Amino acid sequence: MSAIHHRACNLCEAMCGLAIEHHEGRVVAIRGDAQDPLSRGFLCVKAQALQEVYEDPDRLRHPLRRRGSDWEEVGWEEALDEIAARLLAVQARHGRDAVAVYMGNPTVHDYGAMIGGSLLEASLGTASRFSASSVDQLPRMFVSRLLYGHQGLLPVPDVDRTAWFLVVGANPVASNGSLLGAPGISRRLAELRRRGGKVVVVDPRRTETAAVADEHRFIRPGTDALLLLAMLQVIFAEGRSRPGRLAAFTDGLDELAGIAARFPPERVSAATGIAAGEIRRLACELAAAPAAAPYGRVGACTQRFGGLTSWLLDALAVVTGNLDREGGLLFARPAVDLVALGSRFGIGPAEIGRHRTRVRGLPSFGGQLPAIALAEEIDTPGRGRLRALLTIAGNPVLSLPDGGRLERALGGLELMVAVDLYRNETTRFADFILPAAQALEQDHYDLALHLLTVRNTARYSPPLFAPSAGVRPSWRILAGIAARLDRGRRGPGRLGAGLKWRLLERLGPAGLLDLGLRLGPYGDRFLPGSRGLSLARLRRAPHGLDFGALAPRLPALLATQRIELVPEPLRRDLDRLEAALAAPLAAGGLQLIGRRHLRDNNSWLHNSPRLLSGGDRCTLLMHPDDAAARRLRHGDRVRVRSRTGAVEVPLAVSPGVMPGVVSLPHGYGHGRPGARLRVAARHPGASINDLTDTELFDELTGNAGLNGTAVAVEAVRAPDDARGPEEPLRPAGTPPAPG
Ligand code: SF4
């Protein structure tokens, strides 16, 4: 007789409620939970991978230790003891900062790993902390820190009530929402249009979201900030600025108007590829809409001007009165309020630039250094060089720009330790791989992602299965190393540290979660008889709890009670944008952008047979005009070259990508020797990050510029069948070619 287990899917930000039918330790079926207040029964095909990863014969089920080019199984205590001793020895020889930590994107979907990872970083005492944030959403957090006073105050587009949804460099139909918890986004967009609203997509590619939108505009990679400034110029010049109640607590509206005046549509039209008249119309429509939600994501962040673009999207919302308004952008009120809790426990707004990378002097944000610097900090000789690396649920060889350089650098470390489910393209370089329990073997609560949902909800998921023999919950692994580091260090703090570990062991992440819930906005505050929230109450609600639609929260939410609309670092960065606009434009080159398919989730799920089924998705998209100019045909095998590397992939000729732009999906590049991902190896594709460039980045935030890499494309042919000279490559970061 099978049973039903209810839980939230932890694979993406949508957090869909699942009803998992299981029998005798095996998953029978995974369906959507119709009673989940956020997802209302929706789930996507990726949820099936929860079962496939759980059952995957390639998943590690024992700690591994390197022996030359081979691996041996090792007991947990022996592994953790040896790792801690070797980490301490590296720090004794080279200094604390010689040990780096890299947290991969899955860490944010595992609250135990978030807690354990923070503890481990504290015990290491290293400033060499990196994460996937700086190849992703860092510019968005950076802007929130400057405008609203805290990096965790992230405005959410109110897609369920908006009348005009502007989507810049985002593809929620494929991602199911990012920095936007909106499961079933296709259904929500259809509802938006049914009630008379409009969806406008601005993207160099006709994405899956563009396909269901009312309007799509191609834009040259890296020029979104110019478009947004021109829209602001129109709104101010035509007297359409109506910040409403926001004006009472917003500084800098006049200064913003002065800045925007420098960027009329006619000035940016050639660079963006959008006609001045179209920019004017878009600006007027947005300003006239009863409620509008400007939203940008990966394409808006992972480019040369990620900070400026993120800022100007919010500025559009402020100027038109759409920030903190129903149907515009709103701030969620999560049950565990990390922003408020952080303030209570002395963890406040992120620092900016307290630390600098050794080689290029790139600034830290929130205690983390830009991940684009990881390889150079390992392979550049000299004092302060990184000598050991600990990765947590990360695959930076495939996810960081110029992954080839990182791949070469990793082999030169004195010690590498990986906490991971697999021996993947990165962890194959490790001296130890420590297998964490899989999602179904751990309890789950989305600690960070409830900050981003379109409704205020909470959902706790107990483990479905006990961890397989030989694996451990991620928090226990990380805390195990941290406790040994503390014990191994001489000097003050040893006694206190011992108590800390005993307390953590006793409480576990669930105990800390209970604390967060009870002190949160819906919490019982530990008052006897209170009907407020606690973990016990949440456990009794297997479908989760609904705390209602988002509502205006400003200015009370702001640390200073005011919005600083034109912070100095952003104002200064406009000089860089001006310089890019004024620079001579190179003609004829191609700019590379990424893309994502509904069945892909970075590189995480590429060992799932179900998700990898179907045709080869790792193709290079190219516009027919560009293909004709190069005498290339659909299906040709092509070589794509950049300053940093070259890959070979099949060509897909399509009018769905802008002329002058080509697109490759990210997360591929499998089949490398030493990895054990046998399904992925049968569908290896090529890594876009063998082409991307650490020299192309957002100088304001340090974030990677994954979109806009200059590339050349040629047919892969026999030597006697060459088609002429290769195209010249522009250096990374040169401005886009005109249309
Ligand atoms: S949309 Fe995201 S959370 Fe929902 S089922 Fe798919 S992967 Fe899971």
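The values are calculated or read from the model by the stated rules, or taken from the named source; none is laboratory data. For clarity, every value in this text was computed on a predicted model and none was experimentally measured. All Cβ positions, glycine included, derive from the backbone under ideal geometry; neighbour counts span all protein chains shown.
General remarks:
- For residue 72, the conditions (1) in contact with a Lys or Arg (Cβ under 6 Å, 6 or more places away or on another chain); (2) within 16 Å of the ligand (Cβ to nearest atom) are fulfilled apart from (2).
- Matching residues in the range 502-532 - criterion: being in contact (Cβ under 8 Å) with a residue 24 or more places away in the chain and in contact with a Leu (Cβ under 7 Å, 6 or more places away or on another chain): 510, 513, 516, 517, 519, 520, 522, 523
- Strands (runs of 3 or more DSSP E) lying entirely in the range 30-139 (those with 3 or more residues that are under 22 Å from the mean Cα position of the chain (by Cα) and at pLDDT 95 or above): 99-103, 129-131
- Residue that is farthest from the ligand (Cβ to nearest atom), among those in the range 140-170 that are part of a loop (DSSP other than H, G, I, E, B) and out of contact with any Gly (no Cβ under 8 Å at 6 or more places or on another chain): 149
- A residue that is modelled with pLDDT of 95 or more, more than 30 Å from residue 644 (Cα to Cα) and hydrophobic (A, V, I, L, M, F, W, C) can be found somewhere in the range 415-435.
- In the range 49-68, the residues that are within 16 Å of the ligand (Cβ to nearest atom) and either in contact with a Phe, Trp or Tyr (Cβ under 7 Å, 6 or more places away or on another chain) or of a type in the set (Phe, Trp, Tyr) (or both): 54
- Selection of the range 33-48 for residues being more than 8 Å from the ligand (Cβ to nearest atom) and closer than 17 Å to residue 609 by Cβ yields only 48.
- Of all residues in the range 1-10 being within 15 Å of residue 441 (Cα to Cα) and outside any loop (DSSP other than H, G, I, E, B), the one that is nearest to the ligand (Cβ to nearest atom): 8
- If the condition is being among the hydrophobic types (A, V, I, L, M, F, W, C) and more than 23 Å from residue 704 (Cα to Cα), then the range 386-417 contributes 413, 415, 416, 417.
- Reported count of residues in the range 11-32, each being more than 10 Å from the ligand (Cβ to nearest atom) and crowded, with 18+ Cβ neighbours inside 10 Å, is 4.
- Selection count, the range 555-575, where residues are modelled with pLDDT under 95 and touching a Pro at 6+ places or on another chain (Cβ under 8 Å): 2
- Tally of residues being among the small types (Gly, Ala, Ser), touching a helix residue (DSSP H, G or I) at 6+ places or on another chain (Cβ under 8 Å) and crowded, with 16+ Cβ neighbours inside 10 Å across the range 241-262: 3
- Qualifying residues in the range 437-488 (those that are part of a loop (DSSP other than H, G, I, E, B) and in contact with a His (Cβ under 6 Å, 6 or more places away or on another chain)) - the one surrounded by the most Cβ atoms within 10 Å (Cβ to Cβ): 464
- Only one of the listed residues (304, 333) is at pLDDT 95 or above, buried (at least 24 other Cβ atoms within 10 Å of the Cβ) and not hydroxyl-bearing (Ser, Thr, Tyr). That residue is 304.
- Residue match in the range 159-171 (condition: out of contact with any helix residue (DSSP H, G or I) (no Cβ under 7 Å at 6 or more places or on another chain) and modelled with pLDDT of 95 or more): yes
- Filter result for the condition that a residue is closer than 30 Å to residue 500 by Cβ and among the hydroxyl-bearing types (Ser, Thr, Tyr), over 123, 69, 39: 123
- Pairs where the first residue, in the range 545-560, is part of a loop (DSSP other than H, G, I, E, B) and the second is at pLDDT below 95 and polar (S, T, N, Q), C-beta under 7 Å, 6+ apart: 555/561
- Here the condition is being within 16 Å of the ligand (Cβ to nearest atom) and either assigned to a strand (DSSP E or B) or at pLDDT below 95 (or both); of 585, 605, it holds for 605 alone.
- Test: residue in the range 610-628 that is in contact with a Gly (Cβ under 6 Å, 6 or more places away or on another chain) and crowded, with 16+ Cβ neighbours inside 10 Å: yes
- Any pair with Cβ under 6 angstrom, 6 or more apart, that starts in the range 2-27 at a residue that is not assigned by TED's automatic domain parsing to the domain that holds residue 463 and among the hydroxyl-bearing types (Ser, Thr, Tyr) and ends at one that is near the ligand (Cβ under 7 Å from one of its atoms) and part of a loop (DSSP other than H, G, I, E, B): none
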